[in-house]
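Heads up: the structure comes next, in structure tokens.
Laboratory data are not the source of any read-out in this text; all were calculated from the coordinates shown. These numbers were taken from a predicted model, which means no experiment stands behind them. As a convention, Cβ positions derive from the backbone with ideal geometry for all residues, glycine included, and neighbour counts pool all protein chains shown.
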Amino acid sequence: MSPALQTRNLTKKFGGFIATDNISLNVAAGSRHALIGPNGAGKTTLINLLTGFLEPTSGAVLLAGTDVTALSQHARVKRGVARTFQINRLFADMTVLESVLLAVNERRGLGTRWWRPVRAHADALDEAAQLLTQLRLGAVANERARNLAYGKQRLVEIALALAARPRVLLLDEPAAGVPTSESRELFETIAQLPRDVTVLLIEHDMDLVFRFADRISVLVNGAILVEDVPDKIGSDPQVRQLYLGEAAHV
């Protein structure tokens, strides 16, 4: 069975600077795969290459075995790739339900008819409500996004991504800016997503990474230093020296 997401010798250069250096990555279908590494390691650049935001200098991106390197961001979304960003991008004055309903209708090709009464979108409304329940957002469905705690705003952003029904969900630092008291609930909710959605995430909180991921890739200077299961990553001497430090623990 082909990996859900794969790269082959993926390289991105900005002038003489090599941001990603011949990265060959295999993300297994249904896995929770984490990308970690120091600032400047190339993690967000890699996500931008995977989603089509950037074009590679060389190499390839494959989705379920199909080369999508030449496809646009929009075309990759239609093929089953969705993402979130380090800084959330929400409709601040819309309610949570309205926001997710709009995203569902966009996927269904009804985005230009968002102004119709809610009752005219009964099926889409049911789907949006189910997503909110799945992400523990049902209680705030009628709250405006701007009024939510930041952890809840992050979950709304994930709901918007899931409205596209992705096969692969890319999360760029989902806990960034989220208070510790909220980040655990955030990751518990993400962990409960169905396994037909493969998750690849960037995260700096190592406690969260080791609890969540079943495989970890460590990027250093644009290249993969090591990739393995969390227990082995936590005890790897190279990782301890170059990134986690001797105080690292699982």
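Assorted remarks:
- Segment 56-65 - phi-based ³J(HN,Hα) in whole Hz, Karplus 6.51/-1.76/1.60, Gly and Pro as x: x, 6, 7, x, 9, 10, 10, 10, 6, x
- Of all aspartates and glutamates in the structure, those lying under 12 Å Cα to Cα from Lys152, and not within fewer than 8 positions of it along the same chain, are Glu143, Glu182, Glu185.
- Value at 222 nm in deg cm²/dmol, rounded to 500, when DSSP H runs of n ≥ 4 in the chain each add -39,500 (n - 2.57): -9000 deg cm²/dmol
- The peptide list 14-24, 203-213, 232-242, put in order of mean Cβ contacts within 10 Å with the highest first, becomes 203-213, 232-242, 14-24.
- Scalar couplings 3J(HN,Hα) for segment 200-210, obtained by applying the Karplus form with A = 6.51, B = -1.76, C = 1.60 to θ = phi - 60°, are 10, 9, 9, 7, 9, 7, 5, 4, 5, 4, 5 Hz; x denotes Gly and Pro.
- Segment 7-89 shape via C-alpha gyration tensor axes, a/c threshold 1.5: rounded
- Relative to the longest principal axis of the Cα atoms of the chain, the long axis of helix 180-191 makes an angle of roughly 90 degrees.
- Cα-based helix-to-principal-axis angle, 122-134 vs the chain, degrees rounded to 10: 50
- FRET efficiency, Tyr150 to Gln238 (Cβ-Cβ, R0 45 Å, nearest 0.05): 0.85
- Share of Cα-Cα pairs in segment 5-244 lying beyond 28 Å, as whole percent: 33
- Under the simplified labelling scheme, the Ser24-His204 pair shows an inter-label distance of 3.2 nm, with each label point 7 Å from Cα along Cα→Cβ.
- Lys, Arg +1 and Asp, Glu -1 on Cβ, resulting dipole of the chain about Cα centre, debye, nearest 20: 780
- Expressed in units of 2.2 N^0.38 Å, where N is the residue count, the Cα radius of gyration of segment 167-250 is 1.11.
- Per-peptide packing, taken as the mean over residues of other Cβ atoms within 10 Å, places 163-172, 127-136 in the sequence 163-172, 127-136 from highest down.
- Efficiency of FRET between Thr180 and Ala122 - r from beta-carbon atoms, R0 45 angstrom, step 0.05: 0.65
- Using C-alpha pairs under 8 Å with a sequence gap of at least 6, the mean separation divided by the residue count of segment 1-102 gives a relative contact order of 28 percent.
- Rounded to whole Hz, the Karplus (6.51, -1.76, 1.60) HN-Hα couplings of segment 11-18, x for glycine and proline: 10, 10, 10, 10, x, x, 8, 9
- For Leu201, the residues 5 or more places off, or on other chains, whose built amide H falls under 5 Å of its own are His33, Ala34, Leu35, Leu171.
- Spin-label pair Arg107-Thr66: with each label point 7 Å from Cα along the Cα-Cβ axis, the two points sit 1.7 nm from one another.
- Annotation: extensible slack from Leu193 through Val226 equals 9.2 nm (criterion: 0.36 nm per residue apart, minus Cα-Cα distance).
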